[in-house]
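Reviewing the structure listed below.
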Amino acid sequence: MPAFTAPDGTELVYHVTGEGEPLVCLPGGPMRASAYLGDLGGLSGRRRLIMLDLRGTGDSAVPSDPATYRCDRQVADVEALRDHLGLDRVDVLAHSAGGDLALLYAAGHPRRVRTLTLVTARARALGVEFTEDHRREAAALRAAEPWFGPAYDAYEAVWAGSATDDDWDAVAPFFYGRWDAAAQAHAAADLEQSNLEAGELYAASGAFDPGAARAAVATLDARVLVLAGELDGAPRPEVAAAVARMFPRAEAAVLPGAGHYPWLDDPRRFTRVVAAFLDADGPSATGAGQPGSPVDLQTNGT
């Protein structure tokens, strides 16, 4: 497996799949091994995916200092990967909590980012939080599902701060557009693939300076796609649109029927939308029109 050395001496591993222009992929979790991304719904057929195992996850080494799990401390790892790959500028895709790392990397190294694709991504780095109200709004969309009752009761325990491990397992269907065998297998792998200690430290105090990050991305020259799932609570489509408006060259798009893992819910549509964005020269590759205006891709014939 290809590897490189981070500035603090930690050996980091990345996995390569597909052919074409490289796309650096940052996983979420937080601190879940990149294996859960799979081939991003077949996106590997359009791009060479460079899947980074963040320090202490997957095949990457555990750092000597646990404080380096903090999100802002891992920006140097991403820059070391870019340098190792010999790329002047990189296309970056980030999922979920990986969005914070991608945003901090773009803010700190704006000339090194060509495009930024944020897939159902966090934006705490910009001062954007996903609230209980957002998650309740998304959960209500699933009221007709056969699993809804017990799952919603478990969600109440999560919101109350009294959730057990069983409660966390029970809410998993809310994160998928379809709670089928593939989704269940994907969810079941979460614990084994995650570094829980690292996840607790990822967003530790001092990790984010939203004012500085917002000022930095306000002048970012890179094209940005903020992709939301129609059924996802993190982010809701309107929140994704608000995040997109923080960039000068960004658009938001919404995948119908998709949850937090849209490449599983609708791989063909996900691949088509992301590939179109990456390959386009202009700011409206997905048909979103005005920057920051969410689009229901189903209505645009994609």
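Ranked by the mean number of other Cβ atoms within 10 Å of their residues, highest first, the peptides 12-22, 136-146 come out as 12-22, 136-146.
Taken over region 1-83, the alpha-carbon convex hull comes to 82 cubic angstrom per residue.
Couplings for region 91-99, taken from phi via the Karplus curve 6.51 cos²θ - 1.76 cosθ + 1.60 with θ = phi - 60°, read 8, 10, 10, 9, 10, 6, 4, x, x Hz in order; Gly and Pro are left as x. Each of the peptides 1-8, 36-43 was scored by the mean count of other Cβ atoms within 10 Å over its residues; in descending order, highest first, they stand as 36-43, 1-8. Looking at the chain, the DSSP beta bridges with both ends there are about 25 percent antiparallel.
Between ALA183, ALA280, ALA241, the residue with the greatest mean-square fluctuation in the GNM of the chain (Cα pairs under 10 Å linked by springs) is ALA280.
Shape class of the chain from the alpha-carbon gyration tensor: rounded, with the ratio a/c of largest to smallest axis under 1.5. Build a GNM of the chain with springs between Cα atoms under 10 Å apart, and of ASP232, ASP153, ASP72 the one that fluctuates most is ASP153. Give the distance, in whole Å, between the Cα centre of region 139-183 and the Cα centre of region 46-108. If we compute the Cα centre of each part, the gap is 30 Å. Net charge of the neighbourhood of PRO66, taken over other residues with C-beta under 13 Å away and scored Lys/Arg +1, Asp/Glu -1, is -1. Peptides 197-203, 224-230, 88-94 ranked from most to least packed give 224-230, 88-94, 197-203, packing being the mean of other C-beta atoms within 10 angstrom over each peptide's residues. Can you classify region 37-125 as rounded, prolate or oblate using the Cα gyration tensor, where a ≥ b ≥ c are the square roots of its eigenvalues, rounded means a/c under 1.5, and otherwise it's prolate if a/b beats b/c and oblate if not? Taking the square roots of the gyration eigenvalues as a ≥ b ≥ c, region 37-125 is rounded.
Going by a ≥ b ≥ c, the root eigenvalues of the Cα gyration tensor, does region 172-223 fall in the rounded group (a/c under 1.5), the prolate group (a/b larger than b/c) or the oblate group? It comes out oblate by the Cα gyration axes.
Here, each number is a calculation from the coordinates, and none is a lab measurement. As the structure is a computational prediction, the values presented were derived from the model and not from experiment. Heads up, the Cβs are rebuilt from the backbone with ideal geometry, glycines too, and the neighbour counts pull from every protein chain shown.
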